[in-house]
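Presented below is the structure to which this report refers.
The values are calculated or read from the model by the stated rules, or taken from the named source; none is laboratory data. Quick caveat, the model's predicted, so the values are computed rather than measured. Positions of Cβ are backbone-derived with ideal geometry, glycine not excepted, and every protein chain shown enters the neighbour counts.
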Amino acid sequence: MNIVCRRSVFHLCRRPSLIADAGKERGIHSSCRRSMVMPAWVIDKYGSNDVLRFNENVLLPIIHYPNEVIIKVHAASVNPIDVNMRSGYGSKSLNMSRDPLHIKTSGSEFPLVLGRDVSGTVMECGLNVKYFKPGDQVWAAIPPWKQGTFAEFVVASVNEVSLKPKSLSYTEAASLPYVMLTAWAALVNSCGLSKEKCPGKRVLIIGASGGVGTAAIQLMKAWGAHVTAVCSGNAVTLMKDLGADDIIDYTVARLKDQLKTRDLTTTKEFTTDGDSLLPVDHL
Ligand SMILES: NC(=O)c1ccc[n+]([C@@H]2O[C@H](COP(=O)([O-])OP(=O)(O)OC[C@H]3O[C@@H](n4cnc5c(N)ncnc54)[C@H](OP(=O)(O)O)[C@@H]3O)[C@@H](O)[C@H]2O)c1
């Protein structure tokens with residue numbers, strides 16, 4: 001296992017003759033000719049798609065904390081949050097997480113690497129990392145205040161990473177972590193649902209045909225809940241395929257009116273739009 005501390009990297013940076021070999025010393029092989037750098041998609045300011053820039057000279061990331069790993073990115077996916085962050089969504093609060101003491105100047109988050117989802121291979125492990133070793137195939141969701149996954153390598157804390165299921169390809173695995181964790185946060189953390197509590201419960205999922213909704217349907221069905229999915233007409237087949245018990249097409253009549261024709265009196269229902277989860281009587 002190769003562990004590189006900040007001081008040794010700094011030392012190497014100050015001695016150009018060593019720079020070319022630094023990546024090799026770490027056991028990380030960048031696809032770039034210079035081994036201290038890697039390719040990444042970055043933005044240097046917020047805006048529309050034309051702010052995206054392919055940069056082959058982004059510094060290879062290093063481990064800052066003993067619970068971190070470096071992952072070689074095999075696949076990443078574009079989530080709605082990446083599109084929103086490109087436009088500046090959440091930049092003030094994310095900068096507070098990046099720089100809580102306000103030491104840095106404005107714009108210090110740039111060049112910013114977007115991308116929250118990743119599947120790949122562990123390359124380096126911090127000193128306290130016990131569960132992973134170099135070569136492990138993993139998937140992860142990287143929090144939005146950290147540098148993202150549209151790069152050849154990304155740093156993650158171990159609590160953001162787990163072993164990739166063998167049944168999924170890298171590409172399939174990279175499409176799931178962030179959206180699945182969003183559904184999990186809504187249903188488990190906010191609603192208090194669990195495998196034990198779901199049997200006999202009815203759950204109403206608004207936005208059921210979207211990324212969060214399809215994840216929520218599958219989790220609720222796997223845990224034995226009765227699922228009512230709300231979507232537009234063209235998603236009905238998808239909802240049935242995912243196992244929804246009842247489907248409401250919100251385009252044909254008001255959702256509230258359609259719910260009145262269903263017997264909801266005996267059970268407690270919840271609705272999610274991915275951001276919030278409310279008891280049905282709040283509709
Ligand atoms: N994706 C993530 O990882 C993530 C993370 C954090 C928060 N969120 C938030 O969670 C929400 C859903 O995200 P998503 O990724 O699932 O979005 P998405 O894939 O775009 O899906 C949104 C769904 O909402 C449905 N919809 C649109 N208008 C509706 C209406 N008036 N009534 C009922 N359903 C309607 C659409 O269904 P039809 O096509 O059937 O009309 C669409 O499939 C968003 O607010 C997003 O910001 C998402």
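Please work out which residue is farthest from the ligand (Cβ to nearest atom), limiting yourself to the stretch 182-209 and to residues that are in a helix (DSSP H, G or I) and surrounded by fewer than 18 Cβ atoms within 10 Å (Cβ to Cβ). Let's see the steps before the verdict.
Within the stretch 182-209, the first condition is being in a helix (DSSP H, G or I), and the residues that meet it are 182-190.
If we keep only those that are surrounded by fewer than 18 Cβ atoms within 10 Å (Cβ to Cβ) too, we end up with 184-185, 188-190.
Details: W184: 11, A185: 8, V188: 15, N189: 13, S190: 12 Å.
Going through the qualifying residues, I end up with V188.
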query = Is it the case that the stretch 210-227 has a residue that's within 11 Å of the ligand (Cβ to nearest atom) and assigned to a strand (DSSP E or B)?
reply = no
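Can you pull out every residue in the stretch 252-263 that is touching a strand residue (DSSP E or B) at 6+ places or on another chain (Cβ under 9 Å) and within 11 Å of the ligand (Cβ to nearest atom)?
L255
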ask   = Under 7 Å by Cβ, and 6 or more places apart or on different chains, what pairs join a residue from the stretch 189-202 that is of a type in the set (G, A, S) with one that is outside any loop (DSSP other than H, G, I, E, B)?
value = S190/L277; S194/V188
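Which count do you get for residues in the stretch 25-58 that are among the hydrophobic types (A, V, I, L, M, F, W, C) and within 17 Å of L114 (Cβ to Cβ)? Before the answer, list the steps.
To start, the set of residues in the stretch 25-58 that are among the hydrophobic types (A, V, I, L, M, F, W, C) comprises 28, 32, 36-38, 40-43, 51-52, 54, 58.
Narrowing further to those that are within 17 Å of L114 (Cβ to Cβ): 38, 40-43, 51-52, 54, 58.
Total meeting the criteria: 9.
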ask   = Just checking, how many residues over the stretch 59-84 are out of contact with any strand residue (DSSP E or B) (no Cβ under 6 Å at 6 or more places or on another chain), closer than 15 Å to G115 by Cα and aliphatic (A, V, I, L, M)?
value = 3
request  = Within the stretch 158-178, count every residue that is in a strand (DSSP E or B) and under 13 Å from the mean Cα position of the chain (by Cα).
outcome  = 2
request  = Exactly one condition in (1) surrounded by fewer than 22 Cβ atoms within 10 Å (Cβ to Cβ); (2) outside any helix (DSSP H, G or I); (3) on the phi < 0 side of the Ramachandran plot is not met by G148; state its number.
outcome  = (1)
key: Residues satisfying the stated conditions in the stretch 227-261, i.e. among the polar types (S, T, N, Q) and touching a residue at least 40 places away in the same chain (Cβ under 8 Å)   = T228
task = Evaluate the stretch 128-138: report whether one residue or more is at pLDDT 95 or above and outside any loop (DSSP other than H, G, I, E, B).
result = yes
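Conditions tested, residue by residue: (1) part of a loop (DSSP other than H, G, I, E, B); (2) farther than 24 Å from E160 by Cα; (3) at pLDDT 80 or above; (4) in contact with a Ser or Thr (Cβ under 7 Å, 6 or more places away or on another chain).
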site	(1), (2), (3), (4)
C32	yes, yes, yes, no
Y46	yes, yes, yes, yes
H64	yes, no, yes, no
I70	no, no, yes, no
D82	no, no, yes, no
query = Of (1) under 30 Å from K130 (Cβ atoms); (2) modelled with pLDDT of 75 or more, V4 satisfies all except one. Which?
reply = (2)
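Can you confirm whether the stretch 161-168 contains a residue that is under 17 Å from V69 (Cα atoms) and surrounded by 21 or more Cβ atoms within 10 Å (Cβ to Cβ)? Even if it seems obvious, please write down each step before you answer.
We begin by selecting, within the stretch 161-168, every residue under 17 Å from V69 (Cα atoms); these are 161-164.
Among the residues that remain, those that are also surrounded by 21 or more Cβ atoms within 10 Å (Cβ to Cβ) are: 161, 164.
Yes, the stretch 161-168 contains at least one residue that is under 17 Å from V69 (Cα atoms) and surrounded by 21 or more Cβ atoms within 10 Å (Cβ to Cβ).
Of all residues being more than 10 Å from the ligand (Cβ to nearest atom) and assigned to a loop (DSSP other than H, G, I, E, B) in the stretch 84-100, which is nearest to S48 (Cα to Cα)? Just the residue, please. It would help to see each step written out before you state the result.
Taking the stretch 84-100 and keeping what is more than 10 Å from the ligand (Cβ to nearest atom), we get 85-88, 90-100.
Those still in the list that are assigned to a loop (DSSP other than H, G, I, E, B) too: 87-88, 90, 99-100.
Values: S87: 6, G88: 10, G90: 16, D99: 25, P100: 27 Å.
Filtering first and then ranking leaves S87.
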query = Checking S119 against (1) away from the ligand (no atom under 16 Å from the Cβ); (2) of a type outside the set (F, W, Y); (3) farther than 17 Å from I43 by Cα, which single condition isn't satisfied?
reply = (1)
